[in-house]
There are 2 protein chains.
Amino acid sequence: MDSPTRHFICLAHDVPLEGDFSLDDLAGGAGRLDAIARSIAAAFVTSHGIRTYVHAHVVVQDAYTITFDGSELRRLNPDERSTAALVRRALESREEAIGAMPADIHPGVAGYRRGLVGTLEAIDDGPVVQLHEDGEAIVDVAAGELAGAVFVLSDHREFSSAEQAVLEDRVDRRLRVGPTRLHADQAITVAHNYLDTDGYTAF
Amino acid sequence: MDSPTRHFICLAHDVPLEGDFSLDDLAGGAGRLDAIARSIAAAFVTSHGIRTYVHAHVVVQDAYTITFDGSELRRLNPDERSTAALVRRALESREEAIGAMPADIHPGVAGYRRGLVGTLEAIDDGPVVQLHEDGEAIVDVAAGELAGAVFVLSDHREFSSAEQAVLEDRVDRRLRVGPTRLHADQAITVAHNYLDTDGYTAF
């Protein structure tokens with residue numbers, strides 16, 4: 001059974017571009033990379049494996065984007081530390097990314113010198129959906145309308161005014177997943193569940 | 001607004017009772033404590049704080065139970081490492097728990113010398129709900145019927161036959177949260193979302 005691709009763009013505002021941080025201090029010196037690592041894991045891992053139809057894009061400081069392609073990913077573990085190590089390797093390889101040519105980091109992981117705009121332009125797929133507490137209820141949109149959706153989420157910081165300006169041009173929908181404001185990884189888990197169940201109808 | 005308590009019992013099968021492991025190797029030597037830490041975080045943290053109406057109970061090797069009481073918890077961060085450090089401290093204090101007297105570890109965290117049966121007996125609240133892929137769809141049960149629910153989840157291992165025997169006696173419902181088998185922390189996030197939205201009706 002083929003699922004349409006689900007894209008998740010995660011905006012990492014404080015992760016150091018140079019990758020010069022310790023894996024023992026993800027919540028501190030790594031700029032809350034713990035939260036980004038959880039979001040990547042939430043996007044891909046299930047109890048029995050990997051969602052091969054997911055692409056995740058971590059946009060670091062609107063300058064460098066690390067993409068994870070579930071169809072090619074090998075050995076993505078659910079723990080924060082191993083995922084953070086992959087992100088650090090991608091940041092350390094940043095000099096190898098030139099123009100539209102990515103740095104190859106690991107099977108299914110590549111780094112591109114582009115920010116949010118370039119990342120949105122490189123994805124030619126379904127509707128762009130900003131997950132945001134002020135959006136409409138996700139249940140007001142049929143799951144089928146979200147085929148190929150590109151979900152955009154922020155980390156522990158709000159969307160910046162520059163990001164907000166970009167998104168206002170390009171976002172098709174703003175959706176919220178419930179009345180309780182969640183962390184990005186939790187919102188990804190809920191969005192997956194909404195699509196997995198075809199809008200809470202198929203269990 | 002007062003929410004009924006939500007309880008989550010997480011069965012940790014491989015976490016060493018002595019707490020003799022490194023925080024740098026949660027997925028290995030700590031017996032997949034990374035997964036347990038994520039479950040604790042999923043039970044409590046939202047983007048803006050702590051769910052004060054949650055109690056989480058980590059049952060380690062069916063012998064020692066570490067309870068977290070959201071109404072008294074201080075400074076629970078969402079990252080795996082800091083939560084794992086709390087669990088390790090609780091394990092190191094195990095000798096201080098005698099009979100029904102707990103070891104006090106941290107505000108809102110206590111350790112008890114009891115396993116699954118003792119933990120279930122100590123919780124006198126709503127229905128006992130096993131989250132399991134073979135259960136009925138969560139949407140077939142009104143959210144209101146889950147007030148005070150005691151959700152029981154396993155870690156990366158299946159429920160043992162001893163645990164299964166205990167649960168067969170005491171479980172009121174077996175529920176599944178969707179067609180995709182999820183990790184325990186993800187199932188907790190989805191269960192919260194179901195209750196937060198009053199059964200996907202209130203966003």
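The values are calculated or read from the model by the stated rules, or taken from the named source; none is laboratory data. Remember, predicted model here, so these are calculated numbers, not experimental data. Methodologically, a virtual Cβ is constructed for each residue, glycine included, from the backbone with ideal geometry; neighbour enumeration extends over all protein chains shown. Note: areas computed on protein heavy atoms with side chains; ligands, DNA, RNA excluded. Shrake-Rupley method; radii C 1.70, N 1.55, O 1.52, S 1.80 Å.
Per residue, the accessible area of region B:6-196 comes to 38 Å² when a 1.4 Å probe rolls over the protein heavy atoms.
Label-point distances for B:Arg74 to the equivalent site in the other copies, using a point 7 angstrom along Cα→C-beta, read 4.8 nm when ranked shortest first. About its Cα centre, the dipole of chain B is roughly 320 debye, where the only charges are +1 on Lys and Arg Cβ and -1 on Asp and Glu Cβ. For region A:96-203, a simple Cβ point-charge model (Lys and Arg +1, Asp and Glu -1, everything else neutral) yields a dipole of about 180 debye relative to the Cα centre. Please label the shape of region A:1-118 as rounded, prolate or oblate, based on the square roots a ≥ b ≥ c of the eigenvalues of the alpha-carbon gyration tensor (a/c under 1.5 means rounded; beyond that, a/b larger than b/c means prolate, else oblate). Verdict is oblate for region A:1-118. Restricting attention to the protein assembly as shown, close to 45% of DSSP beta bridges with both partner residues there are antiparallel.
Shape call for region B:21-82 from the C-alpha gyration tensor, a ≥ b ≥ c root eigenvalues: rounded (a/c under 1.5), prolate (a/b greater than b/c) or oblate? Taking the square roots of the gyration eigenvalues as a ≥ b ≥ c, region B:21-82 is oblate. In terms of its alpha-carbon gyration tensor, region A:104-171 comes out oblate; a/c meets the 1.5 threshold, while b/c is at least as large as a/b. Could you work out how far helix A:33-44 tilts from the main Cα principal axis of chain A, as a 0 to 90 degree angle to the nearest 10? With rounding to tens, the tilt is 50 degrees. Taking every alpha-carbon pair within region A:6-196, the share separated by more than 24 Å comes to 33 percent. Counting every alpha-carbon pair across region A:46-99, the share separated by more than 19 Å comes to 31%. Between 0 and 90 degrees, the angle of helix A:184-196 with respect to the longest Cα principal axis of chain A falls at about 40 degrees. For region B:122-179, the set of GluC sites (Glu not before Pro) satisfying both a DSSP loop assignment and a count of at most 14 other C-beta atoms within 10 Å is given as B:Glu158. With label points set 7 Å from Cα along Cα→Cβ, the inter-copy distances at B:Arg181 are 3.7 nm, sorted shortest first. Considering only A:Tyr64, A:Phe203, B:Thr119, whose Cα is most displaced toward the positive end of the charge dipole of the protein assembly as shown, charges sitting on Cβ of Lys, Arg (+1) and Asp, Glu (-1)? Value computed over the given set: A:Tyr64. Largest GNM mean-square fluctuation among A:Ala143, A:Ala162, A:Ala187, using chain A with Cα springs under 10 Å: A:Ala162.
The other copies place their B:Glu121 label points at 6.8 nm from this one, listed shortest first, where each point is 7 Å from Cα along Cα→Cβ. In terms of overall dimensions, the protein assembly as shown has a Cα radius of gyration and Dmax of 20.8, 66 angstrom. Amide H contacts for B:Asp62 (H built 1.01 Å from N in the peptide plane; partners 5 or more residues away or on another chain; cut-off under 5 Å): B:Ala12. Surface composition of region A:6-196: carbon and sulfur make up 44 percent of the accessible area, probe 1.4 Å. Rounded to the nearest 5, the antiparallel percentage of DSSP beta bridges internal to region B:6-196 is 45%. Only the Cβ atoms of Lys and Arg (+1) and of Asp and Glu (-1) were treated as charged; on that basis the dipole of the protein assembly as shown about its Cα centre amounts to roughly 200 debye. Chains B and A together bury roughly 3100 Å² of accessible surface, counting both sides and using a 1.4 Å probe on protein heavy atoms.
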